[in-house]
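Have a look at the structure below, then the notes.
We did not get these values from a lab; they are worked out from the coordinates using the rules stated. In this text the structure is predicted, and so the values were computed from the model without any measurement. No Cβ is skipped: glycine too gets one built from the backbone with ideal geometry, and neighbour counts run over all protein chains shown.
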Amino acid sequence: MAGNTALRTFGKHWMKPLTLIALVAPFAFLAWQWTQVLTGINPRAMGTDLVAYTHHFLGDTAIRILLVTLAVSPVRDITGWAPITLIRRRIGLAAFFYAALHMIAYLWLDRGWDLGLLWEDMVLRTYIMLGMAALVLMIPLAVTSTNGMIRRLGRKTWDRLHWLIYPLAILAVAHNLLMVKIIYGDPLMHAIVLTVLLGWRVARWGMGRLRPAAVA
Ligand code: HEM
């Protein structure tokens, strides 16, 4: 009973602000590392390659937050705690924010805003093309993430549009897998987590079909 009240209080007052703090933390951490380097407090805070460190850090953060977004429904199904879905949109938006920063960091710090070079990269390296496709698919989801847009589109259309999260998550993980010669470590872990999360949905859908239809 006391546990239930505590959970309700947490859901009502703490869940949203704490999620926001957790989502902003990686950005604050990166900004702090840059500050240390630029002010000379710790010139080696990000190792020797600041540019690679920055866009790798942002890419890893984006993909992990994307996977957390996909974990919200399974957590709700397992725990039965429905209020957790109230933070799904802000987590998804944060994934887009970090993915966009990751692309900007690459394009700015690595390629000096040369779109010709980006185009060459995309043609020569399949994984860059996949990353770009994932980012492009994230745009309609980010743009329609407000309550006003849900109202305007209607819940059904909005839900259908948000199915894009599945292909885009597959593209993002494929982007991560194809950039390495030997698949192990983080890219492998991201692929396993995505497979489990998508597998959960397929299993839930399959169980829904097996259940006998309710008698009206
Ligand atoms: C225009 C879009 C994108 C471009 C140009 C791009 C480019 C890159 C590049 C050049 C790398 C480094 C590869 C290497 O060092 O071999 C990278 C790594 C990565 N990217 Fe992207 N990317 C894009 C979109 C995305 C998106 C949408 C996600 C995830 C949501 C993502 C997640 C990652 C991850 C996880 C890594 C590996 C980081 C690490 O090695 O620690 N990228 N990306």
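Where the centre of each part is set by its Cα atoms, how far does the range 65-88 sit from the range 1-33, in angstrom?
14
Taking only Cα atoms and a 10 Å spring cutoff, compute GNM fluctuations for the chain and point out the largest among Arg111, Arg160, Arg44.
Arg160
Could you check the spin-label model distance between Ser73 and Leu115? Points 7 Å from the Cα along Cα→Cβ, value in nm.
3.6
Using the beta-carbon distance between Leu124 and Ala22 and R0 = 45 Å, what value does 1/(1 + (r/R0)^6) give for FRET efficiency, to the nearest 0.05?
Calculated value: 0.75.
So if R0 is 25 Å, what FRET efficiency would Leu164 and Ala191 give, r being the distance between their Cβ atoms, rounded to the nearest 0.05?
Efficiency for this residue pair is about 0.80.
State whether the range 48-198 is rounded, prolate or oblate according to the following rule on the C-alpha gyration tensor (a ≥ b ≥ c being the square roots of its eigenvalues): a/c under 1.5 gives rounded; otherwise a/b larger than b/c gives prolate, and the remaining case gives oblate.
Judged from the Cα gyration tensor, the range 48-198 comes out prolate (a/c at least 1.5, a/b above b/c).
Could you give the length gained by full extension between Trp14 and Arg201, i.e. 0.36 nm per residue of separation minus their alpha carbon distance, to one decimal place?
64.5 nm
Per DSSP H run of at least 4 residues, take -39500 (n - 2.57); add these up for the chain, divide by its residues and hand me the 222 nm value, nearest 500 deg cm²/dmol.
-25000 deg cm²/dmol
Within 10 Å, count the other beta carbons around each residue, average over each peptide in 141-154, 122-135, and list them highest first.
Averaged packing, sorted descending, gives the order 122-135, 141-154.
Which of the listed residues, Gly11, Ile182, Leu171, is farthest toward the dipole's positive end in the chain, when Lys, Arg count +1 and Asp, Glu count -1 at the beta-carbon?
Among Gly11, Ile182, Leu171, the one farthest towards the positive end of the dipole of the chain is Gly11.
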